[in-house]
Each structure stands twice: as C-alpha cells, then as structure tokens.
Amino acid sequence: MEALLCSTTFSLKRALYSPPSNQPPQFFLTKISLNRSKKSSHRVQKKASFSHNLPLRISASAQTAPSTEASTSSSVPSEMKAWSYSEYGGVDVLKLESNVAVPEVKEDQVLIKVVAAALNPVDFKRRLGKFQATDSPLPTVPGYDVSGIVVKVGSQVKGLKEGDEVYGDIHEKTLDGPKQFGSLAEYTAVEEKLLALKPKNLDFAQAAGLPLAIETAYEGLERAGFSSGKSILILGGAGGVGSLVIQLAKHVFGASKIAATASTPKLDFLKSLGADLAIDYTKENFEDLPEKFDVVYDSVV
C-alpha cells in the first residue's frame with residue numbers, strides 16, 4: 001500500500017469494495033493541489049449536485065481492492081490500522097500503527113469504513129507543525145478527504161444509514177482544531193453535516209479526492225463575486241483546483257469567457273475543460289494580453 005503526501009480530486013462506477021480485514025485501506029494519489037483556511041459545512045452538499053448534472057472531469061489513480069461485504073455496527077472491531085504520528089516533523093515521523101482505537105461515534109456523527117482517502121498540502125503542513133498552536137493534541141491520524149461506507153450512525157443522525165456510500169472533508173475547520181483522528185485509517189468518525197452521498201458516476205478514489213479541492217475552487221469564485229456574464233483568467237488552470245475552477249466557471253457560474261494558463265503540453269487539456277483561451281505561460285506573459293478580465297483566479301499561490 002502506498003501512502004504518499006500528495007494532493008487531491010471527485011466520483012461510483014464500479015461495485016463497492018472495501019479492503020480485506022487484514023489490510024489497511026488503500027490511499028490514492030490524485031492530481032489536485034490546494035491551500036485554504038476556511039470551510040463551509042454546506043459546501044459538500046452543493047458539490048454533490050454538481051456531479052449529477054455537469055460533465056465534471058476528475059483525475060485519480062487507484063489500486064482496486066478485492067470486493068467484500070461492508071462492515072456493520074455489530075462487526076466493527078475495537079482497534080484498527082491507521083497512519084499516525086506522535087511528534088511533528090518530516091515524513092519519517094509517520095508510522096503505520098496496527099492497534100489504534102476505533103473512534104467513538106457522537107450523536108451527530110457516523111462511523112465510516114474508509115475505502116479511499118486523499119492527501120492535500122495541508123496534511124504535510126500539519127505534520128510539520130505549521131499550525132500546532134491550533135491543532136488537536138498528538139498523536140494525530142492525518143487526512144481530511146475521505147470516501148467510504150457508513151457502518152454505524154449516531155442517535156441524532158437523520159439523513160444517513162448503515163450501508164450508505166459517502167464522501168466528504170471530515171474537518172469542519174481546516175486549521176482551527178481539526179480532528180485528532182483523520183481519514184488515513186480503516187475507520188473514521190464524521191459529523192453527518194460534513195458528508196454527502198457519493199454520486200453514482202464517481203468511484204471511491206475520485207470521490208475521496210474531490211472535497212477540499214472543489215471547496216477551494218467554488219469558494220474562491222463565490223468570494224470574488226463571480227457571476228453569469230463575467231470573464232475570468234485562471235492561473236494554473238491544469239492543476240487540481242484550477243481545472244475545477246474552469247469547469248465551475250463555465251457550467252455553474254455561466255462565465256462569458258474563460259482564459260487559463262498552463263505549460264505547452266497541457267494546452268489541449270485546458271480547452272477540453274472549457275477554456276476559451278489557453279495561454280502557454282512558458283512562451284507568453286498573461287499580463288501582456290490585450291484582453292481584460294473581470295476576475296483573475298490565482299490557483300498557483
């Protein structure tokens with residue numbers, strides 16, 4: 001199994017699967033990178049509707065685990081495998097532990113059997129102690145994005161049930177008191193309001209990679225006051241967040257014109273996502289363009 005600190009993505013085409021009981025869940029490398037500090041607990045619900053109605057294109061790579069029946073509340077073990085660190089530092093502090101206690105489920109939470117989890121830059125920054133003043137106590141099980149199967153529900157949960165396939169960002173606040181036990185584990189406990197049913201046109205790996213990235217893309221457009229009829233220039237359009245900004249600007253916000261930058265090999269990719277103007281940043285300076293844009297979205301910083 002690979003668990004590399006990389007970046008994220010959004011999707012269920014094949015039959016549900018879960019890792020064998022003697023193996024930790026598979027963690028997937030995806031194409032999205034992002035940086036964000038604020039999160040709306042309702043953003044996941046908005047994303048789910050996008051995927052059903054729009055031709056969103058998402059990229060993810062994954063290893064398929066053998067199909068098995070999903071766990072039920074009666075078969076959830078008391079301990080699980082999980083990636084964990086007990087001190088801040090480099091990647092060497094990250095250890096695969098085999099006797100981590102399965103999180104207790106609060107009344108507004110569900111317990112998820114993890115099928116896939118994605119990693120974002122915030123994960124390695126957290127591991128390095130970049131925001132330890134507001135972090136939860138060590139040891140930490142990292143991971144924000146997840147997809148999996150509900151195996152237990154709290155007493156106040158109304159919209160989800162055992163067996164539901166869900167996805168989401170498990171932390172309500174990215175930097176301020178994130179959960180001690182994240183998604184890089186066999187099980188994770190999450191508030192119902194932070195989850196959505198996994199769209200049927202997405203597989204587990206794609207769904208796990210989407211939450212933080214599309215939240216970032218959508219929230220940036222929202223904060224910029226972007227709306228129908230406006231034009232936009234997206235810096236880093238071929239990246240995880242940038243590629244989603246192009247698609248959201250076109251299909252959700254109704255952009256009048258979309259320009260985006262990328263390197264030479266990725267220009268066709270930009271056009272396939274819906275960019276009207278693909279700019280090769282290795283050959284031309286976007287600041288010299290004669291066109292003017294209502295919004296410039298910098299997904300590179």
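The values are calculated or read from the model by the stated rules, or taken from the named source; none is laboratory data. In this text the structure is predicted, and so the values were computed from the model without any measurement. Quick reminder, even Gly has a Cβ in these numbers, built from the backbone with ideal geometry, and neighbours come from all protein chains shown.
Condition first: more than 22 Å from W83 (Cα to Cα) and either surrounded by fewer than 20 Cβ atoms within 10 Å (Cβ to Cβ) or at pLDDT 95 or above (or both). Can you find one or more residues in the range 184-191 that meet it? No. Just one of the listed residues (D164, D123, D108, D169) is within 23 Å of G240 (Cα to Cα) and touching a strand residue (DSSP E or B) at 6+ places or on another chain (Cβ under 9 Å), namely D169. Only one entry of A249, A259, A255, A205 meets the criterion of being crowded, with 19+ Cβ neighbours inside 10 Å and closer than 24 Å to T174 by Cα, and that entry is A205.
Considering S243, S155, the condition of being surrounded by 20 or more Cβ atoms within 10 Å (Cβ to Cβ) and hydroxyl-bearing (S, T, Y) is satisfied by S243 alone. None of F293, F269 is aromatic (F, W, Y), outside any helix (DSSP H, G or I) and at pLDDT 95 or above except F293. Only one of the listed residues (I232, I246) is farther than 23 Å from V115 by Cα and not in a helix (DSSP H, G or I). That residue is I232. Among residues that are assigned by TED's automatic domain parsing to the domain that holds E191, assigned to a loop (DSSP other than H, G, I, E, B) and either aliphatic (A, V, I, L, M) or more than 14 Å from E191 (Cα to Cα) (or both), L111 is not included.
Taken over the range 213-242, the residue count meeting the criterion of being among the hydroxyl-bearing types (S, T, Y), under 25 Å from G143 (Cβ atoms) and at pLDDT 95 or above is 1.
A search for C-beta distances below 6 Å between a residue of the range 247-271 that is under 24 Å from N285 (Cβ atoms) and any residue that is of a type in the set (D, E, K, R) and part of a loop (DSSP other than H, G, I, E, B), counting only pairs 6+ apart in sequence or on different chains, returns K257/D276; I258/D276. Pairing residues of the range 201-213 that are outside the structural domain of I246 (by TED's automatic domain parsing) and over 15 Å from V241 (Cα atoms) with residues that are surrounded by fewer than 24 Cβ atoms within 10 Å (Cβ to Cβ) and modelled with pLDDT of 95 or more, at Cβ distances under 8 Å and at least 6 apart in sequence or on separate chains, gives F204/E165. Within the range 132-176, the set of residues being over 20 Å from the mean Cα position of the chain (by Cα), in a loop (DSSP other than H, G, I, E, B) and within 25 Å of L96 (Cα to Cα) comprises S136, P137, L138, P139. Listed by first and then second residue, the pairs linking a residue in the range 178-192 that is within 10 Å of P142 (Cα to Cα) to a residue that is in a strand (DSSP E or B) and among the aromatic types (F, W, Y), with Cβ atoms under 9 Å apart and 6 or more places separating them unless they lie on different chains, are F181/Y187; G182/W83; L184/W83; A185/W83.
Given the structure, is E222 in contact with an Asp or Glu (Cβ under 7 Å, 6 or more places away or on another chain) and in a helix (DSSP H, G or I)? No: the conditions fail for E222.
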